[in-house]
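The values are calculated or read from the model by the stated rules, or taken from the named source; none is laboratory data. Note that the structure is predicted; figures quoted are calculated from it, not measured. Neighbour counts run over all protein chains shown; Cβ positions are idealised from the backbone, glycine included. Keep in mind that these areas ignore ligands, DNA and RNA; they rest on the heavy atoms of the full protein, side chains included. Shrake-Rupley method; radii C 1.70, N 1.55, O 1.52, S 1.80 Å.
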Amino acid sequence: MFKLQDKHLSFLMLLTTLVILGCNTTEPIVKAESIHGKSVESIVQSMTLAEKVGQMTQAGRAHLVRESDIRDYNLGSILSGGGSAPDVNEPAAWADMVDEYQDLASQTRLGIPLMYGIDAIHGHNNVYGATIVPHNIGLGAMGNPELVKALAALTAKEVRATGINWTFSPCVANSRDERWGRAYESFGEDPALISLLGQAMVEGYQGSALNAPDAVAACTKHYIGDGAPTWGTGNNGQIDRGDAIIDEGTLRTLHLPPYIEAIEAGTATIMASYNSWNGVKLHGHRQLLTDLLKDELGFEGFIVSDWQGIDEIPGDYKSDIITSINAGVDMVMVPGITRGSGEGYREFIKLLKEAVNEGSVEMTRIDDAVTRILNVKKSMGLLDSAYANDRSLISTVGSAEHREIARQAVRESLVMLKNDGTLPLAKDLSKIVVTGRGADNVGMQCGGWSIAWQGGMGDITPGTSILEGVQEMVSSETQVIHSLTGSDISGADAVIVVVGESPYAEMHGDRAELELDEDDIQVINRVKSSGIPMVVVLLSGRPMIINDVLEDANSLLAAWLPGTEGNGITDVLFGDYAPSGKLSVTWPASMDQIPINWKDSNYSPLFSYGYGLTY
Ligand code: GLC
């Protein structure tokens with residue numbers, strides 16, 4: 001008969017206390033000797049299951065049940081989702097926040113620092129005052145890999161200035177259907193151009209060495225076929241996260257090349273995509289995640305899931321975990337309240353440990369995932385010295401030098417679709433009217449993923465609006481009038497009408513119709529009836545149906561989503577720079593042509609792939 005003795009009671013009390021505290025540590029908490037200089041292999045061998053599973057877990061900062069969970073659950077990564085900023089959205093506050101999290105990570109037995117991930121996809125776009133550069137569709141029109149690399153490098157500096165070391169970028173989607181709300185995150189529809197620019201972006205982010213003080217780990221996304229779904233198969237009945245119903249040849253020809261180039265460029269991580277391929281969710285697709293990406297292409301970094309991406313696999317949460325990890329996902333983004341207990345990462349960790357202990361997930365799979373993650377951390381210099389946040393880069397955030405580089409990208413991204421000679425405008429006209437929703441609207445220039453996940457209209461962050469660009473450009477004798485609705489334009493020598501799309505992101509941008517908004521059309525009609533020369537500037541994340549506008553306008557410029565430096569547009573409007581952008585997407589003549597892409601049979605768009613005028 002086993003008799004409970006005092007020592008048993010005290011151990012049980014300790015264990016009970018730990019369990020009540022919700023701690024995840026029922027394993028030895030003796031501090032390991034330093035991991036600095038140790039091989040990844042030896043570190044992995046020394047790790048407990050809880051430590052391994054912790055490294056595979058990425059929690060959202062806004063969803064931490066307790067910040068000390070970073071320590072108690074051995075979390076390997078934290079992320080900021082779109083717009084998830086500290087209370088005070090300024091660089092030093094971001095850096096302080098990340099330092100706090102890293103300090104908690106340093107208190108774990110092994111003290112492995114965090115990778116902190118964020119969507120810095122067009123500049124450090126969540127941070128107030130940062131330089132926001134053109135979204136990818138504009139960079140596709142620019143077609144300048146050296147400048148793309150420079151934009152990524154300035155972004156990396158601004159990201160590191162805030163203590164963050166990982167960006168969920170570049171998106172190398174091949175967007176096949178303009179109705180998709182993420183069309184602007186794609187460089188275009190030609191896999192060769194996407195590959196060239198995606199590679200340049202990876203090189204710009206990661207620099208010459210991942211452990212450099214101004215380098216960040218890249219995350220090429222979303223693997224694979226995010227831009228391929230058929231309209232009507234989306235989660236929302238439209239297209240985002242839908243089903244890519246294409247054969248393997250098409251998948252390999254149109255969607256795989258950018259990943260081959262990104263791996264060549266050394267992308268540290270790749271993000272799995274929400275979409276399905278012929279009915280099977282990518283997050284659970286072993287053939288594509290492991291057989292193709294890891295085995296055939298030799299990808300040695302790690303695969304991170306998308307935001308609760310594994311939840312969309314059919315089945316309960318535990319089976320989602322087993323399916324996705326066995327398929328090849330190495331780190332799971334468990335930001336929010338996941339199904340089950342609703343405790344997100346805590347639930348994930350509990351269930352994954354259960355799955356390993358019951359044999360549903362082999363320890364060899366866990367060790368492979370953790371080895372991949374720690375290899376990346378090793379290359380980032382995170383395993384060989386105590387984490388130190390280099391604050392010297394803070395002055396680069398939104399600096400004049402960075403804004404000048406962004407302004408050059410804006411100039412080169414513009415595509416002139418029509419010009420009867422009205423452009424370039426003279427700088428000494430006596431009266432110019434600037435009108436339309438986008439005339440004085442940095443938020444509309446930036447589009448989605450800007451300060452907030454969905455972006456926002458108006459003065460969301462410091463920048464130069466098109467109106468301000470005009471005011472800077474013209475002579476002191478020129479009268480510049482800002483008229484939102486174009487009502488008072490009498491006597492003007494020229495009217496600049498800035499119209500297009502209000503900001504959106506992801507599924508919130510899926511649209512069955514791509515005509516201009518009614519109030520934009522009213523402004524254009526008002527100016528048209530005046531007979532005054534009209535220059536239309538279109539701020540949009542994709543081609544729109546503009547046939548009538550094209551008739552009415554003397555000149556029309558596709559400016560895409562240029563970001564904070566709107567003076568790059570006025571540089572072209574007034575002739576300091578000639579427009580040089582070429583369409584990286586086909587411009588449809590009507591909605592019933594969509595989807596329409598270069599090399600389609602009976603290809604008769606409004607403007608072909610590669611079209612663009614100059615002076
Ligand atoms: C989003 C997006 C992905 C982004 C991630 C983290 O849902 O699909 O592009 O990197 O979540 O914000």
Taking region 202-232 and the residues there that are surrounded by fewer than 24 Cβ atoms within 10 Å (Cβ to Cβ) and charged (D, E, K, R), the one that is farthest from Ile260 (Cα to Cα) would be Asp214
When region 355-391 is checked residue by residue, the ones that are of a type in the set (Ser, Thr, Tyr) and touching a residue at least 12 places away in the same chain (Cβ under 8 Å) are Ser360, Thr371, Ser379, Ser385, Tyr387
Among the residues of region 121-143, which ones are among the β-branched types (Val, Ile, Thr) and within 16 Å of the ligand (Cβ to nearest atom)? Ile121, Val127, Ile137
What number of residues within region 431-450 are surrounded by 24 or more Cβ atoms within 10 Å (Cβ to Cβ) and either of a type in the set (Asp, Glu) or more than 21 Å from Asp520 (Cα to Cα) (or both)? 2
Scope region 517-539; condition more than 32 Å from the chain's Cα centre (by Cα) and part of a helix (DSSP H, G or I); matching residues: Gln522, Val523, Ile524, Asn525, Arg526, Val527, Lys528, Ser529, Ser530
Filter region 144-190 down to the residues that are open to solvent by 20 Å² or more (accessible area, probe 1.4 Å) and farther than 18 Å from Gly123 by Cα, then identify the one that is farthest from the ligand (Cβ to nearest atom). Asp190
Only residues that are away from the ligand (no atom under 16 Å from the Cβ), without any contact (Cβ under 8 Å) to a residue 40 or more places away in the chain and touching a helix residue (DSSP H, G or I) at 6+ places or on another chain (Cβ under 7 Å): list them for region 270-296, please. Thr290
From (1) open to solvent by less than 50 Å² (accessible area, probe 1.4 Å); (2) away from the ligand (no atom under 16 Å from the Cβ); (3) closer than 26 Å to Met534 by Cα, pick out the condition that doesn't hold for Asp428. (1)
Could you grab me the full set of residues in region 477-493 that are in a loop (DSSP other than H, G, I, E, B) and loosely packed, with under 14 Cβ neighbours inside 10 Å? Glu477, Thr485, Ser487, Asp488, Ser490, Gly491
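Results for (1) more than 22 Å from Ser413 (Cβ to Cβ); (2) touching a Leu at 6+ places or on another chain (Cβ under 8 Å), shown as yes or no for each residue.
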position	(1), (2)
Ala426	yes, no
Leu429	yes, no
Ile432	yes, yes
Gly438	no, yes
Met444	no, yes
Ile466	no, no
Val480	yes, yes
Ser490	yes, no
Asp493	yes, yes
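This table checks each residue for (1) open to solvent by less than 30 Å² (accessible area, probe 1.4 Å); (2) in contact with a strand residue (DSSP E or B) (Cβ under 8 Å, 6 or more places away or on another chain); (3) within 29 Å of Asp99 (Cβ to Cβ).
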{"position": "Met271", "(1), (2), (3)": "yes, yes, yes"}
{"position": "Phe299", "(1), (2), (3)": "yes, yes, no"}
{"position": "Lys353", "(1), (2), (3)": "no, no, no"}
{"position": "Met380", "(1), (2), (3)": "yes, yes, yes"}
Of all residues in region 531-565 being farther than 25 Å from Pro462 by Cβ and among the polar types (S, T, N, Q), the one that is most open to solvent (accessible area, probe 1.4 Å): Asn547
Odd one out for Asp243 among (1) farther than 19 Å from Arg372 by Cβ; (2) within 16 Å of the ligand (Cβ to nearest atom); (3) not hydroxyl-bearing (Ser, Thr, Tyr): (2)
Return the residues of region 52-108 that are outside any helix (DSSP H, G or I), closer than 17 Å to Leu383 by Cβ and open to solvent by 30 Å² or more (accessible area, probe 1.4 Å); say none if nothing qualifies. Gln107
Which residue pairs have Cβ atoms closer than 8 Å, lie 6 or more positions apart in sequence or on different chains, and pair a first residue in region 519-537 that is under 22 Å from Gly568 (Cβ atoms) with a second residue that is of a type outside the set (D, E, K, R) and in a helix (DSSP H, G or I)? Met534/Ile524; Met534/Val527; Val535/Leu573; Val536/Ile524; Val536/Val549; Val537/Ile466; Val537/Ile569; Val537/Leu573
Any chance region 223-231 includes a residue that's under 17 Å from the mean Cα position of the chain (by Cα) and within 16 Å of Gly140 (Cα to Cα)? yes
Within region 494-501, is even one residue away from the ligand (no atom under 16 Å from the Cβ) and open to solvent by 10 Å² or more (accessible area, probe 1.4 Å)? no
May I ask you to list pairs of residues, at least six apart or on different chains, whose Cβ atoms are under 9 Å apart, with the first in region 447-465 being of a type in the set (Asp, Glu) and the second being part of a loop (DSSP other than H, G, I, E, B)? Asp459/Asp440; Asp459/Asn441; Asp459/Ser465
Is it the case, given these coordinates, that Ile112 is in a strand (DSSP E or B), among the β-branched types (Val, Ile, Thr) and surrounded by 18 or more Cβ atoms within 10 Å (Cβ to Cβ)? no
Name the pairs whose Cβ atoms lie under 7 Å apart, with the first residue in region 92-120 and more than 16 Å from the ligand (Cβ to nearest atom), the second modelled with pLDDT under 95 and basic (Lys, Arg), and 6 or more positions between them or separate chains? Ala95/Arg391; Arg109/Lys31
